[in-house]
Amino acid sequence: MTADLATTPTAVGGPDLPQERRLVTEVPGPRSRELAARKEAAVTRAVGTMLPVYTVAAGGGVIVDVDGNSLIDLGSGIAVTTVGNSNPRVAAAVAAQAAAFTHTCFMITPYDGYVEVAEALNRLTPGDHEKRTALFNSGAEAVENAVKIARSHTGRQAVVAFDHGYHGRTNLTMALTAKNMPYKHGFGPFAPEVYRAPMSYPFRDGAGGGQGVDGPTAARRAIEVIEKQVGAPNLAAVVIEPIQGEGGFVVPAPGFLPALADWCRAHGVVFVADEVQTGFARTGDLFACEHEGVVPDLIVTAKGIAGGLPLAAVTGRAEIMDAPHAGGLGGTYGGNPIACAAALAVLETIEADGLVERARAIGELVTARLTALQEQDARIGDVRGRGAMIAVELVRPGTIEPDAALTAQVAAAAHAQGLVVLTCGTFGNVLRLLPPLSIPDHLLTEALDVLAGILEATR
Ligand code: PLZ
């Protein structure tokens with residue numbers, strides 16, 4: 001089995017893969033290291049690889065590499081394979097669509113998959129108002145289009161994003177993104193008319209790990225910056241992640257998002273929820289906005305929408321979405337038929353497999369264990385997140401001073417022991433867990449055991 005997987009280019013993944021952590025070489029092994037050397041000679045160094053084990057198959061909760069190692073997947077390819085890698089419904093839908101036709105361009109001769117995905121998103125996203133959808137290829141492309149739509153609708157130009165926010169790597173989304181390294185450094189000039197407001201970050205707002213600044217107060221703080229530095233009459237859109245992803249799994253204090261959304265509504269500002277990382281059951285709701293009953297004017301989705309096929313969407317109020325002139329939005333591949341077929345299979349799977357509930361159960365299991373660890377380890381400053389999007393922020397004991405070195409050390413040890421675990425955060429000191437919702441409990445528990453052992457060994 002192992003040898004087959006390592007040598008056969010047509011290895012079969014999906015949930016039937018043995019659900020085990022199995023290390024048969026060091027990580028990365030010799031075949032992966034060979035491929036890494038070829039990568040270095042062929043691929044620009046600007047495109048990095050976090051854990052250079054070269055994949056041959058994945059599914060359930062594991063990733064199998066060319067050396068025959070089976071690693072526990074706690075990253076889902078950055079929150080993408082929420083329904084599981086090579087999910088059988090997705091794989092079948094993709095194969096059937098690929099056999100029928102692969103592309104016509106929706107702007108040339110359209111097809112029903114695109115319309116069906118739009119109908120589904122209009123139905124499933126928060127709010128029962130009349131909605132419209134447009135499809136794109138990546139999160140960044142969809143965020144850019146949300147801004148285009150908001151500008152067209154309002155006739156205003158300014159856009160507000162937040163401290164610690166991440167929205168992509170294209171020119172406009174780099175401008176919206178807060179962190180310089182590695183996303184922006186040397187890549188300017190950036191798109192104009194982008195302003196930044198303070199986020200609600202409970203762990204850091206309270207100077208010592210408390211809830212110092214509550215949600216409504218943090219919203220007033222942000223709104224004051226917006227009113228003084230931008231002015232509502234100039235402001236087209238406020239773009240915010242309901243739980244920040246790359247910025248450190250920052251969950252704003254309760255009341256922050258509703259207060260911001262209310263202010264936007266009162267001032268004719270388009271409230272854009274970037275649910276690229278939080279969407280599609282990840283947080284234990286279909287969309288993270290639902291947790292506080294926030295209804296965004298526009299919601300941006302990608303990643304988990306199509307089980308790994310490139311697809312993204314902007315969905316929102318019909319009168320806003322229809323503001324641009326006919327033909328004003330589009331792109332060659334946006335809403336590609338294979339990606340749409342995958343998305344329909346994903347939505348069916350979320351419902352059929354009860355994945356919203358599964359995300360909540362994962363959240364409880366992971367949070368309970370990490371909270372117990374925190375009680376004995378002052379370096380774990382904060383355990384936060386929701387559903388299957390949970391992180392720990394590592395600090396110097398008794399302070400909120402970030403410990404990026406410890407975070408890197410723990411992540412490296414986890415990789416060596418067969419866990420695909422990601423880091424994030426403005427200060428590089430957050431370990432984040434984003435397992436596929438298809439991961440079995442025994443692998444989650446094993447992964448948490450390994451992490452606990454690593455934390456113990458680094459004391
Ligand atoms: N908005 C909230 O999380 C992508 C980026 C990884 P694309 N996050 C992972 C990296 O280093 O490039 C993301 C996101 C939020 C937008 C995006 C951008 O989505 O599909 O990568 O363009």
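The values are calculated or read from the model by the stated rules, or taken from the named source; none is laboratory data. Owing to the predicted nature of the structure, the values given are computational and were not obtained by experimental measurement. All Cβ positions, glycine included, derive from the backbone under ideal geometry; neighbour counts span all protein chains shown.
State yes or no: is V295 within 12 Å of the ligand (Cβ to nearest atom) and not in a helix (DSSP H, G or I)?
no
Does the range 299-322 include one or more residues that are more than 12 Å from the ligand (Cβ to nearest atom), of a type outside the set (D, E) and assigned to a loop (DSSP other than H, G, I, E, B)?
No; the residues of the range 299-322 include none that is more than 12 Å from the ligand (Cβ to nearest atom), of a type outside the set (D, E) and assigned to a loop (DSSP other than H, G, I, E, B).
Could you pull out the residue among E34, E20 that is outside the structural domain of Y166 (by TED's automatic domain parsing), among the acidic types (D, E), more than 23 Å from L437 (Cβ to Cβ) and surrounded by fewer than 22 Cβ atoms within 10 Å (Cβ to Cβ)?
E34
Given the conditions (1) touching a residue at least 24 places away in the same chain (Cβ under 8 Å); (2) away from the ligand (no atom under 13 Å from the Cβ), which single one is not true for A326?
For A326, the failing item is (1).
Answer with yes or no whether V160 is closer than 17 Å to H267 by Cα, within 23 Å of the chain's Cα centre (by Cα) and not assigned by TED's automatic domain parsing to the domain that holds G398.
Yes.
Quick one: would you say F106 is out of contact with any Cys (no Cβ under 6 Å at 6 or more places or on another chain) and surrounded by fewer than 19 Cβ atoms within 10 Å (Cβ to Cβ)?
In short, no.
Are any residues in the range 119-140 surrounded by 21 or more Cβ atoms within 10 Å (Cβ to Cβ) and assigned to a helix (DSSP H, G or I), and if so, which ones?
The answer is L121, G139, A140.
Here is a check on your reading of the model: is E393 of a type in the set (D, E) and buried (at least 24 other Cβ atoms within 10 Å of the Cβ)?
yes
May I ask you to list the residues in the range 141-163 that are farther than 19 Å from A261 by Cα and part of a loop (DSSP other than H, G, I, E, B)?
G155
Which numbered condition trips up E290, out of (1) outside any helix (DSSP H, G or I); (2) away from the ligand (no atom under 14 Å from the Cβ); (3) within 28 Å of A93 (Cβ to Cβ)?
All conditions pass for E290, except number (1).
State all residues of the range 115-148 that are in contact with a helix residue (DSSP H, G or I) (Cβ under 8 Å, 6 or more places away or on another chain) and away from the ligand (no atom under 16 Å from the Cβ); if no residue qualifies, say none.
E116, V117, A120, L124, P126, H129, E130, K131, R132, T133, listed by residue number.
Out of (1) in a loop (DSSP other than H, G, I, E, B); (2) in the same structural domain as R282 (by TED's automatic domain parsing), what's the single condition that is false for V47?
(2)
Residue check: is V295 in contact with a helix residue (DSSP H, G or I) (Cβ under 9 Å, 6 or more places away or on another chain) and crowded, with 24+ Cβ neighbours inside 10 Å?
So V295 fails the test.
Search the range 172-200 for residues that are farther than 18 Å from G48 by Cα and pair each with any residue that is β-branched (V, I, T) and assigned to a loop (DSSP other than H, G, I, E, B) when their beta-carbon atoms are under 6 Å apart and the residues are at least 6 apart or on different chains.
Close Cβ pairs (under 6 Å, with a partner that is β-branched (V, I, T) and assigned to a loop (DSSP other than H, G, I, E, B)) amount to Y195/V230.
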